[in-house]
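The values are calculated or read from the model by the stated rules, or taken from the named source; none is laboratory data. From a predicted model like this one, the values you see are computed outputs, not experimental measurements. Quick reminder, even Gly has a Cβ in these numbers, built from the backbone with ideal geometry, and neighbours come from all protein chains shown. Just so you know, the surface numbers come from the protein's heavy atoms only, side chains and all, with ligands and any DNA or RNA stripped out. Shrake-Rupley method; radii C 1.70, N 1.55, O 1.52, S 1.80 Å.
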2 protein chains.
Amino acid sequence: MRLTTKGRYAVTAMLDLAFHSRVKPVTLTEIATRQTISLSYLEQLFSRLRRANMVIGVRGPGGGYKLSRGAEEISISDIILAVDEQVDLTNCEQKSNCQNGQPCLTHDLWMGLSDTVRNYLDGITLKQLLDQADVQAVAQRQDSDVQQIMQFRDAETIGMALK
Amino acid sequence: MRLTTKGRYAVTAMLDLAFHSRVKPVTLTEIATRQTISLSYLEQLFSRLRRANMVIGVRGPGGGYKLSRGAEEISISDIILAVDEQVDLTNCEQKSNCQNGQPCLTHDLWMGLSDTVRNYLDGITLKQLLDQADVQAVAQRQDSDVQQIMQFRDAETIGMALK
DNA sequence: TAATAGTTGACTATTTTACTAGGTTATGTG
DNA sequence: CACATAACCTAGTAAAATAGTCAACTATTA
C-alpha cells in the first residue's frame with residue numbers, strides 16, 4: 001500500500017465526481033478546472049478507475065463519468081489501489097523464503113503494517129468523506145458556499161437560457 | 001504523510017538497529033548485509049535520522065549507531081517523517097485560501113485523511129514491532145536463527161584468528 | 001452530420017529513488 | 001604515535017515514478 005500524491009489526485013477527483021454526478025455525468029474537463037488537475041493526467045487516472053470498475057464512462061454530448069456504485073460502497077483504498085499500480089514494496093517477492101530468514105522478519109512486519117493501513121483506508125468510504133465535507137463546508141465556509149451555490153445556479157440558468 | 005519504499009527501508013533499518021544495538025552500537029555495514037540495503041543509501045537515510053534525533057552515531061572502531069531513546073518512544077511515523085522529506089502533498093500550500101473554495105474542500109479532506117494515517121502510525125512504536133517480531137521469529141524460524149548466530153560467531157572467531 | 005466527450009497510445013520533462021564513488025574526520029587499539 | 005575503523009559528507013548517476021502533452025480515433029446525441 002503506497003500513499004502518494006497520485007493517490008490523492010485520484011481520491012480528490014472521485015470525491016468531486018461523487019459530489020457532482022448525482023444528477024448527470026461529470027466531464028473530466030469540469031473536474032480538471034475545479035480541482036486544477038491536468039485533463040490528460042485525469043484521463044490516465046480515470047482509464048485505470050474505469051478498468052477497475054469504479055466509474056462508468058458515458059460518451060457523446062451530455063456524457064462524462066459517473067460512479068459505478070454508490071459512494072457508500074467505494075472505499076478510499078479501492079481508489080488508491082486502482083491507480084497506484086501494485087509494485088512490490090518488498091524485495092523478497094510474494095514468498096517468504098529469502099536468503100537468510102532475517103530479511104523475512106522485517107518483510108512480514110512491513111506486510112502487516114501495510115495491511116493495517118489498507119484495512120484502515122478500507123473502512124473509509126467516499127460517502128463518509130462527503131458527509132465530513134458537508135459538515136466542514138457548513139461550519140467553516142457558509143458565506144463562500146452560498147456565493148458558490150448562487151454562482152452555480154447562475155451558471156445553470158445561463159446554460160438553460162442559451163438553449 | 002507519504003508511504004513509499006523509502007520509508008520501508010528506514011523502518012526496516014531502525015528495526016534491525018533496535019534489535020541488535022542493545023549491547024553495543026551497530027555499524028551500517030552490518031545492517032546493509034543483514035537487510036540487503038546499499039551501504040551508501042543507508043548512510044543517506046541515517047544522516048536524516050541522526051539530524052532528526054532518532055539515532056546517535058558513534059565514531060571510531062567499535063562505533064556504529066544506536067537509538068537515541070527507547071524503542072518504546074520511537075513511533076513509525078517519526079521514522080517515516082524523518083526520511084520522507086515533507087513535500088507538500090497539497091497544491092494549495094499551507095493556507096486554506098485557494099481560488100474558489102471548492103479545491104479547499106477536498107484539500108481539507110485530504111489533510112484530514114493524511115492526518116489520520118499519521119496519527120495511526122504515531123500509535124505504533126518500534127517496541128511494539130519488535131515484540132511482534134520476537135513472537136514470529138521464535139515461532140517460525142528458530143532453526144535458521146540459531147544457524148545465523150553460529151555463522152556470526154564463526155565469522156568473528158575467524159576474524160580474531162586472522163589478527 | 002456535426003459537435004461532444006470518452007478512449008487510446010506514444011512521447012516528454014521533472015522529480016524521486018536507489019545506488020556508486022570518493023573523500024574527511026573522529027576515535028579506540030596495538 | 002600510527003593505523004584501522006566507521007561515521008560523516010559531497011557529488012554524481014541510472015532507473016523509476018510522477019505529471020503532463022499531443023494527436024488520433026470512436027461512440028453518441030442533438
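Which whole-Hz couplings ³J(HN,Hα) result when phi for each residue of segment A:117-125 is put into the Karplus expression 6.51 cos²θ - 1.76 cosθ + 1.60, θ = phi - 60°, listed in order with x for Gly and Pro?
Whole-Hz 3J(HN,Hα) from phi for segment A:117-125: 4, 4, 4, 4, 5, 5, x, 9, 9.
Would you pull out the residues with amide H under 5 Å of residue A:124's amide H, same chain only if 5 or more places away, H placed 1.01 Å from N?
Under 5 Å from the amide H of residue A:124: A:76, A:77.
Roughly how much of residue B:11 is accessible, in Å² to the nearest 10, using a 1.4 Å probe?
0 Å²
Averaged across B:15-25, how many Cβ atoms of other chains sit within 10 Å of each residue's Cβ atom?
Mean number of neighbouring Cβ atoms from other chains: 1.
Please compute the average number of Cβ atoms from other chains found within 10 Å of each residue's Cβ in peptide A:106-113.
Taking the mean over all residues of the peptide, I get 6.
From the phi angles alone, apply the Karplus equation (6.51, -1.76, 1.60; θ = phi - 60°) to segment A:47-63 and give each ³J(HN,Hα) in whole Hz, x where the residue is Gly or Pro.
3J(HN,Hα) across segment A:47-63, in whole Hz: 4, 5, 4, 5, 5, 8, 6, 8, 10, 10, x, 10, 7, x, x, x, x.
Looking at the axis that maps chain A onto chain B, which chain A residue has the closest Cβ, and how far off is it in Å, rounded to a whole number?
A:3, 2
What residues qualify as long-range amide H neighbours of residue B:27, i.e. H under 5 Å apart, gap of 5 or more or another chain, H built at 1.01 Å from N?
Under 5 Å from the amide H of residue B:27: B:65.
Averaged across the residues of B:119-129, what count of C-beta atoms belonging to other chains lies within 10 Å of each residue's C-beta?
The per-residue average across the peptide is 1.
If you take the accessible area of B alone plus A alone and subtract the pair, what total do you get in square angstrom, rounded to 100, with a 1.4 Å probe?
Approximately 4200 Å², summed over both chains.
For residue A:39, place a label point 7 Å from Cα along the Cα-to-Cβ direction in every copy; what are the distances to the other copies, in nm, shortest first?
From this label point to the equivalent ones elsewhere in the assembly: 5.4 nm.
Please give the net charge around residue B:58, taking every other residue with its beta carbon less than 12 angstrom from that of residue B:58, where Lys and Arg add +1 and Asp and Glu add -1.
Once positives and negatives cancel, what remains is +4.
Can you work out ³J(HN,Hα) from phi for every residue in segment A:65-74, in order, using Karplus 6.51 cos²θ - 1.76 cosθ + 1.60 and θ = phi - 60°, giving whole Hz and x for Gly and Pro?
Along segment A:65-74, the couplings run 10, 9, 5, 7, 8, x, 4, 7, 10, 10 Hz.
In segment A:13-43, whose amide N lies under 16 Å from the spot 7 Å out along Cα-to-Cβ of residue A:58? List them in ranges.
Those under the cut-off are A:17-31.
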